[in-house]
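Here, each number is a calculation from the coordinates, and none is a lab measurement. As the structure is a prediction and not an experimental result, all values here were calculated from the model. Cβ placement follows ideal geometry from the backbone for every residue including glycine, while neighbour counts extend to all protein chains displayed.
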Amino acid sequence: EPEVTQTPSHQVTQMGQEVILRCVPISNHLYFYWYRQILGQKVEFLVSFYNNEISEKSEIFDDQFSVERPDGSNFTLKIRSTKLEDSAMYFCASSEKGGRLGYGYTFGSGTRLTVV
Amino acid sequence: GENVEQHPSTLSVQEGDSAVIKCTYSDSASNYFPWYKQELGKRPQLIIDIRSNVGEKKDQRIAVTLNKTAKHFSLHITETQPEDSAVYFCAAHTGKLIFGQGTTLQVKP
């Protein structure tokens, strides 16, 4: 079964540093997402990406965050000047028919980001 | 903005009993309602979903019902087993998934 691959699985970074979280979506999927989950809390939407541009972003996704699809396979989330409160599990997801229809999401296994 | 409310936050049942988790959503344009099971430190795993043109769906011991008028949907697990113990999240989709707060289900042997 096709998978969404995320690297690294765990990232520890100093406060103020920049991190890049990487994701390889399923190859025929067109819609890409980042979600985050602070420990013990619900999964929160960050951003959706389609046709090489951001479709929608949440209030959480401020100027500190950016996304990029640098080539045909990778989808990255960059967090500039990390803060303690950025510590969370970050999930990438992709969908063949997302956006309008919604179904067919596949989540990656996540990157646990710890800011110290 | 869109909001999904989920109840209860914790649920403890005896093995073999049924468990029901309820969610309400705010955006009437929501068109897809998945349920996820999440074990500690793992990704959310889709267990069942329902689209807005369907009122009920069943898959073995798991069923979901949707009431579009009331903007309410529920997960029903029958004949619960200890391995059903996990955190369950509902979600509603309108361009992206909005998750409920989660229900920690404990099935006691």
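Search segment A:4-44 for residues being in a loop (DSSP other than H, G, I, E, B) and closer than 30 Å to B:Ser9 by Cα, and hand back the single one that is farthest from the other protein chains (Cβ to nearest Cβ). Restricting to residues being in a loop (DSSP other than H, G, I, E, B) and closer than 30 Å to B:Ser9 by Cα, the top hit is A:Ile38.
Per the listing B:Leu46, B:Leu11, the residue uniquely within 20 Å of B:Thr104 (Cα to Cα) and touching a residue at least 60 places away in the same chain (Cβ under 8 Å) is B:Leu11. In this entry, A:Ser109 is excluded by the filter for residues that are crowded, with 18+ Cβ neighbours inside 10 Å and either in contact with a Lys or Arg (Cβ under 9 Å, 6 or more places away or on another chain) or closer than 20 Å to B:Asp49 by Cα (or both).
Note on segment B:58-109: residues that are within 12 Å of chain A (Cβ to nearest Cβ) and either among the hydroxyl-bearing types (Ser, Thr, Tyr) or assigned to a strand (DSSP E or B) (or both) amount to 13.
When we screen A:Val67, A:Val47 for residues that are within 13 Å of chain B (Cβ to nearest Cβ), in a strand (DSSP E or B), of a type in the set (A, V, I, L, M) and within 12 Å of the chain's Cα centre (by Cα), the only hit is A:Val47. Residues in segment B:16-44 that are away from chain A (no Cβ under 14 Å) and of a type in the set (Ser, Thr, Tyr): B:Ser18, B:Thr24, B:Ser26, B:Ser28.
Determine which single condition A:Tyr90 fails, assuming it passes every other condition in (1) at positive phi; (2) out of contact with any Asp or Glu (no Cβ under 8 Å at 6 or more places or on another chain); (3) hydroxyl-bearing (Ser, Thr, Tyr). Against the list (1) at positive phi; (2) out of contact with any Asp or Glu (no Cβ under 8 Å at 6 or more places or on another chain); (3) hydroxyl-bearing (Ser, Thr, Tyr), A:Tyr90 comes up short only on (1). In the set B:Lys42, B:Lys58, only one residue is over 23 Å from A:Gly40 (Cα atoms) and surrounded by fewer than 17 Cβ atoms within 10 Å (Cβ to Cβ); that residue is B:Lys58.
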